[in-house]
Amino acid sequence: MEPGTLLFDPATNRVGEYQDRTGPYAMLRPVGGGREWQADFSALREPTDGERLSAGVRAANDRARNAVELPRRPATDGPFLLADRVCEGKGHPV
């Protein structure tokens with residue numbers, strides 16, 4: 001089997017891209033990238049057109065969601081948060 005082949009894993013109800021085989025298991029990666037998972041090689045099958053389409057839409061949505069930049073707070077060198085505002089009239093953080 002060629003790496004990148006799409007397969008349906010009934011144990012997780014997901015479509016994944018075949019990466020490699022280790023013993024009785026196949027290593028699958030979500031369409032569009034992500035964390036690999038082990039699947040029973042003998043249980044895998046070719047995905048239906050609907051399953052293939054659903055996996056592609058999920059990957060496109062993930063790419064769009066990850067493209068949105070979220071505002072970030074300044075990093076600190078300690079395990080504490082710095083105050084964003086100053087106490088009125090005292091000139092020091094709240």
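Could you give the length gained by full extension between Glu46 and Thr5, i.e. 0.36 nm per residue of separation minus their alpha carbon distance, to one decimal place?
Numbers: separation 41, 0.36 × 41 = 14.76 nm, distance 0.89 nm.
Taking 0.36 nm per residue and subtracting the Cα distance, the gain is 13.9 nm.
Label zone (Arg63, point 7 Å along Cα-to-C-beta; backbone nitrogen cut-off 16 Å) within the range 8-22: 17.
Net charge around Pro47, counting only other residues with Cβ within less than 12 Å of its Cβ (Lys, Arg = +1; Asp, Glu = -1)? Present the calculation step by step, with values, prior to reporting the outcome.
Working: positive: Arg14, Arg45, Arg52; negative: Asp9, Glu17, Glu46, Asp49, Glu51.
Here the charged neighbours net out to -2.
Taking other residues whose beta carbon is less than 14 angstrom from the beta carbon of Glu36, and scoring Lys, Arg as +1 and Asp, Glu as -1, yields +1.
Just so you know, all these numbers are worked out from the coordinates, no wet-lab data involved. Bear in mind that the values here come from a model prediction, so they are computed numbers and not experimental data. Here Cβ is always computed from backbone atoms with ideal geometry, including for glycine, and neighbour counts include all displayed protein chains.
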